[in-house]
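S.K.: I have a structure I would like to understand better, so I am pasting it below and will then ask my questions one at a time.
The values are calculated or read from the model by the stated rules, or taken from the named source; none is laboratory data. Computed from a predicted structure; not experimentally measured. Note that we place each Cβ from the backbone using ideal geometry, even for glycine, and neighbour counts take in every protein chain shown.
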Amino acid sequence: MKLKKNPKANLENYSKFFMQLGLVMALLVCLLSIEFKTYDRTISTFGDLNMDEVLEEDIPITERIEPVKPPPPPPPAPEVIQVVEDKAEVEETVLESTETDETEKVEVEEIIEVIEEEEIGDVPFAIIENAPVYPGCEGKSKAEQKKCLSQSITKLVYKKFNVDLASDLGLTPGKKRIFVMFKIDKTGRVVDIRARAPHKRLEKEAKRVVSLIPRMTPGKQRGRAVGVKYSLPIVFNVQD
């Protein structure tokens, strides 16, 4: 069956009409836009303006007016120089000396140069030039005097040390080390005794024994008496 189209439903029949209608409307819009007029805005009045009162500002004067300085005084007139002829006698001014013929005696005292001696501090026993001399060690060489001093101090300490402290203090068996340090001053006396031990009683006993060292001949460094530092280790053996 063949379908038949209604001739009224065909839009192509109205295409010319719609085109003409569009052209007419476009021309109408153009005409209205050309004929549209605009007018300038006018202001009838600006209000009341009072010109009677005018404010005047005081402008300060910034120009610096310096006072007029008076002109400098004229230079003084030059002195009149009198020209003396060679033949004229000119009186000369003679200055008399106030010195007399006698010459004053000036005594010059002799200047004595004072040389400040360099102070030498305490010297360790190991490097002292002349070691202190223990009583009974005189007349020996320097090396023998050093050895004699060490042996004499060791004998004195082991002889005077109270070995009964081990039982009194209840020390454990074994070796107990006591380190004693002292100084033999410039007069040969033992001073500044210090001790370190496992017990305070041992330190006190070590100081007591070292203080029994007799006075010695002081040590010398560069020919002058000096203080000598000495270290003495004491080994205290506690048996069962």
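S.K.: Checking Lys176 against (1) loosely packed, with under 15 Cβ neighbours inside 10 Å; (2) modelled with pLDDT under 90; (3) basic (Lys, Arg); (4) farther than 20 Å from Gly227 by Cα, which test does it fail?
M.R.: Here Lys176 clears every test but (1).
S.K.: Based on what the data block shows, is Lys146 modelled with pLDDT of 90 or more, surrounded by fewer than 19 Cβ atoms within 10 Å (Cβ to Cβ) and not aliphatic (A, V, I, L, M)? Quick ask: steps written out before the conclusion?
M.R.: Numbers: modelled with pLDDT of 90 or more: yes; surrounded by fewer than 19 Cβ atoms within 10 Å (Cβ to Cβ): no; not aliphatic (A, V, I, L, M): yes.
In short, no.
S.K.: Of the residues that sit in the stretch 114-135 and are more than 11 Å from Lys229 (Cβ to Cβ) and exposed (fewer than 11 other Cβ atoms within 10 Å of the Cβ), which one is modelled with the highest pLDDT?
M.R.: Glu119
S.K.: Moving on to the next point. Right, Thr187: farther than 16 Å from Val235 by Cβ, out of contact with any strand residue (DSSP E or B) (no Cβ under 6 Å at 6 or more places or on another chain), in a loop (DSSP other than H, G, I, E, B) and modelled with pLDDT of 80 or more or not? Talk me through it step by step, then tell me what you get.
M.R.: Numbers: farther than 16 Å from Val235 by Cβ: yes; out of contact with any strand residue (DSSP E or B) (no Cβ under 6 Å at 6 or more places or on another chain): yes; in a loop (DSSP other than H, G, I, E, B): yes; modelled with pLDDT of 80 or more: yes.
Criteria met by Thr187.
S.K.: Related question: Identify, please: which residue in the stretch 21-38 is surrounded by fewer than 10 Cβ atoms within 10 Å (Cβ to Cβ) and not hydrophobic (A, V, I, L, M, F, W, C) and is, among those, modelled with the highest pLDDT?
M.R.: Ser33
S.K.: Moving on to the next point. Taking the criterion of being of a type in the set (Phe, Trp, Tyr) and not in a loop (DSSP other than H, G, I, E, B), would at least one residue in the stretch 151-174 satisfy it?
M.R.: Let us first name the residues in the stretch 151-174 that are of a type in the set (Phe, Trp, Tyr), namely 158, 161.
This time we only want the ones that are not in a loop (DSSP other than H, G, I, E, B), so: 158.
Looking through the stretch 151-174, at least one residue is of a type in the set (Phe, Trp, Tyr) and not in a loop (DSSP other than H, G, I, E, B).
S.K.: I'd like to check something: does the stretch 209-225 contain any residue that is surrounded by 13 or more Cβ atoms within 10 Å (Cβ to Cβ), assigned to a helix (DSSP H, G or I) and modelled with pLDDT of 90 or more?
M.R.: There is at least one residue in the stretch 209-225 that is surrounded by 13 or more Cβ atoms within 10 Å (Cβ to Cβ), assigned to a helix (DSSP H, G or I) and modelled with pLDDT of 90 or more.
S.K.: Looking at the stretch 150-164, I want the residues that are touching a residue at least 60 places away in the same chain (Cβ under 8 Å) and closer than 14 Å to Leu202 by Cβ and have a partner that is of a type in the set (Gly, Ala, Ser) and in a helix (DSSP H, G or I) with Cβ atoms under 9 Å, at least 6 apart or on another chain. Which pairs are those?
M.R.: Hits for this filter: Val157/Ala206; Phe161/Ala206.
S.K.: For the list (1) touching a Gly at 6+ places or on another chain (Cβ under 7 Å); (2) under 24 Å from Leu149 (Cα atoms), I need the number of the one condition that Val238 fails.
M.R.: The failed condition is (2).
S.K.: OK, next. If you scan the stretch 228-240, which residues turn out to be over 17 Å from Val157 (Cα atoms) and surrounded by fewer than 20 Cβ atoms within 10 Å (Cβ to Cβ)?
M.R.: Filtering the stretch 228-240 down to residues over 17 Å from Val157 (Cα atoms) leaves 228-229, 239-240.
Result: Lys229, Gln239, Asp240.
S.K.: Of everything in the stretch 159-173, what is modelled with pLDDT of 85 or more and touching a strand residue (DSSP E or B) at 6+ places or on another chain (Cβ under 9 Å)? Give them in sequence order.
M.R.: Phe161
S.K.: Continuing with the same structure: Consider Val228 against the criteria (1) in contact with a Pro (Cβ under 8 Å, 6 or more places away or on another chain); (2) free of Cβ contacts under 8 Å to residues at least 12 places away in the same chain: it satisfies all of them except one. Which criterion is unmet?
M.R.: (2)
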